[in-house]
1. Under the rule of at least 5 residues apart or a separate chain, name every residue whose amide H is placed under 5 Å from the amide H of A:E56.
2. Each label point is 7 Å from the Cα along the Cα-to-Cβ direction; what then is the distance between the points at B:N238 and A:H267, in nm?
3. Which links in A:K240/B:K125; A:K125/B:K257; A:K75/A:K125; B:K125/B:K256; B:K74/B:K257; B:K240/B:K271 stretch past 27 Å when you go from one Cα to the other?
4. What list of ³J(HN,Hα) values in whole Hz, one per residue of segment B:252-268 in order, does the Karplus curve 6.51 cos²θ - 1.76 cosθ + 1.60 (θ = phi - 60°) give from phi, with Gly and Pro shown as x?
5. Rank these for me by crowding, A:S192, B:S92, going from fewest to most other beta carbons within 10 Å.
6. Run the label-point distances for A:S248 please: 7 Å along Cα to Cβ, every other copy, nanometres, shortest first.
7. So for chain A: antiparallel DSSP bridges make up what percent, rounded to the nearest 5?
8. Count charges around A:L366 for me, please; just the other residues with Cβ under 15 Å from its Cβ, Lys/Arg as +1, Asp/Glu as -1.
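We did not get these values from a lab; they are worked out from the coordinates using the rules stated. Note that this is a predicted model, so its numbers are computed, not measured. Heads up, the Cβs are rebuilt from the backbone with ideal geometry, glycines too, and the neighbour counts pull from every protein chain shown.
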Number of protein chains: 2
Amino acid sequence: MNQEIEAGSVGIVQFSDYVFEDELPLDCGRSLKNVVIRYETYGTLAEDAGNAILVEHALTGDAHLAGKYSENDKKTGWWDEMVGPGKPIDTSRFFVVCSNIIGGCSGSTGPRSIDPDTGKRYNMKFPVITIADMVRAQERLMQHLGISQWHCVIGGSMGGMLALQWGVSYPEKVNAIAAIATTARVSPQGISFNWISREAIMNDPNWEKGEYEEQPSRGLATARMLAHVTYLSDESMNNKFGRGLQASDNFDFAFKKDFRIESYLEHQGTKFVERFDANSYLYITRAIDYFGLSDATDGNLAEALKPVHCPFLIVSFSSDWLFPSYQSQELVKALLKNANDVTYCNIQSSYGHDAFLLEMDSLGSLLSSYLSNLPENGADNE
Amino acid sequence: MNQEIEAGSVGIVQFSDYVFEDELPLDCGRSLKNVVIRYETYGTLAEDAGNAILVEHALTGDAHLAGKYSENDKKTGWWDEMVGPGKPIDTSRFFVVCSNIIGGCSGSTGPRSIDPDTGKRYNMKFPVITIADMVRAQERLMQHLGISQWHCVIGGSMGGMLALQWGVSYPEKVNAIAAIATTARVSPQGISFNWISREAIMNDPNWEKGEYEEQPSRGLATARMLAHVTYLSDESMNNKFGRGLQASDNFDFAFKKDFRIESYLEHQGTKFVERFDANSYLYITRAIDYFGLSDATDGNLAEALKPVHCPFLIVSFSSDWLFPSYQSQELVKALLKNANDVTYCNIQSSYGHDAFLLEMDSLGSLLSSYLSNLPENGADNE
């Protein structure tokens, strides 16, 4: 990275939609017609297409990784601090791609899309998809963009699962993988929280078996509040909220938002309903549950990762209890057993799982130096 | 404890109901008329009433601590392993009392009781109560039983909060306190889980603002499932369930109970609805949220505990993340600062919070030896 370039914004960006010509086969045995993938790109693709980096978003993320849609746009993309000229993922050097996953609700085909066979929304007739299905759709986009190998696939949380899945599904198409705050197998505790979240949505009378016109907002907000607690840590909640009260000096002796943490959660839940779709939430959390790279190898993760020869960057955060450090370490051990080139860092942070969106300084310098030292595409990584 | 007595059952037991003559004043400023406290006793009260032990139940517990109601009764009381002749809480030596808390739904006055002013169920017109209110009601029972000082108050989880509250509310009426797997201040994370649980109940259309005839069963089951996850540990869930599937070799690609952990949670939730009342769940979790002994002393726990001079037994479990060990240690530090006599043990266990109902061997020997070495009632504990 050229330290003299002042880190800047990618500026005004726009998204593109790529519509598949052929059906997309899925792990469940069904297939999807007329799949749309929404994506954004930043920087310039090199002539040999060897400088392309794919960034994967998390559960409720989207393709809008960096920049703004207009001068007046108040919000930048979700990882704007990380992506731009002179930034850790340096767009003056790399061609960066981010696409909304299938099953999502931010432009790509998902449960609220129109089923071409019926002319109506899929809703719960949408097929149950997997992380591997999401990656299979992205591989079509890769072909469309004329890229034969990603220089690196980078993702945090669920995005890290997609990054790992790229290695297993298309080992020859990935030069390196950076998996941040993630796991190779979602734990029964993680599965439980997703189950309870879906219960909250499906129990909402406004869900109407997925055929709602208006969002099942209380159920979706409850699901989000639960997820939000798993993104924080006991320590960060103690530091930020403690047992502080919202409005008064004493308890209100009612069932209102008495504590500041309750008001905060309620705000997070309500805001979320405005930007995310309930059926998408059901489908994506199910895809997460199904993510267990070693399911087919009797829990032997090294065996499952055998086809992958590329170097890995694995990053965990000390206070992340959704995908705890020991799960990253299992991954590191399996990769070392396979003699992969592995860089691992357990960043000390009190922010819990959310640290992957907050610890920008430590994560940024780690990513930046990792990318600077990667071999050229196509190198023999064995 | 006489080691030669073979540990036995308290046998066939029955409960009693004590009805208060006077109104019970509450922290919220209101008061309750005609309060009923359901309780059970085991063993014989000594002439000087110096051998009485009060055992406090947890959130969804009841007064049925030990024994059976009839020969054909398939279930014993909830801590039967711990209470009986020759058992750790030895009924051949101690007179043991357990009472259902007010706000509960197992015989004591709670939100589903009849409001004497209207002749109808209180439901959401029931006053919001606190842990101190529950203890205030128990103190009336204590008077009724002719006991002037508990030899020891013992409780786990929410029961531990009541035990601690006894010390603060009635320091002269407690000879010793054993607080197990509990906290002196419920954390914002704990408050959050309770908030989300109540949302699940109150969002259930069958809740009907508390005026249901039939339970809001889906909401209550969801609340229980969430609580249940907080009672287990990541490790115990990995050990017991892992990513095991329920019925088939492959995913069902639907939203059914696919994983064994999902089936287990669903079973726990459904079973719970048969035995516990939704409105009680709302009121008791709110009382738990409100429990912060140091709220009135700007977070200074030692200051809050100053009036309490008795010895304490504090027990935590290494994998308990609902009331983590560090919270017990805060309590220990505050008590040591006040020069209380403190015995502390952090029992190594993978069972999470539930360990207080499962690690009977280590907890039993700890309690048994603690009770054997306690000073007589009324001793100067300073």
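1. A:I154, A:G155, A:G156
2. In this crude spin-label approximation the distance works out to 3.6 nm.
3. Where the Cα-Cα span goes over 27 Å, the pairs concerned are A:K240/B:K125; A:K75/A:K125; B:K125/B:K256; B:K74/B:K257.
4. 8, 6, 9, 10, 8, 7, 8, 8, 4, 5, 5, 5, 4, 4, 4, 4, 4
5. B:S92, A:S192
6. Copy-to-copy label distances at A:S248, shortest first: 5.4 nm.
7. Percentage antiparallel, nearest 5: 35.
8. Local net charge: -3.
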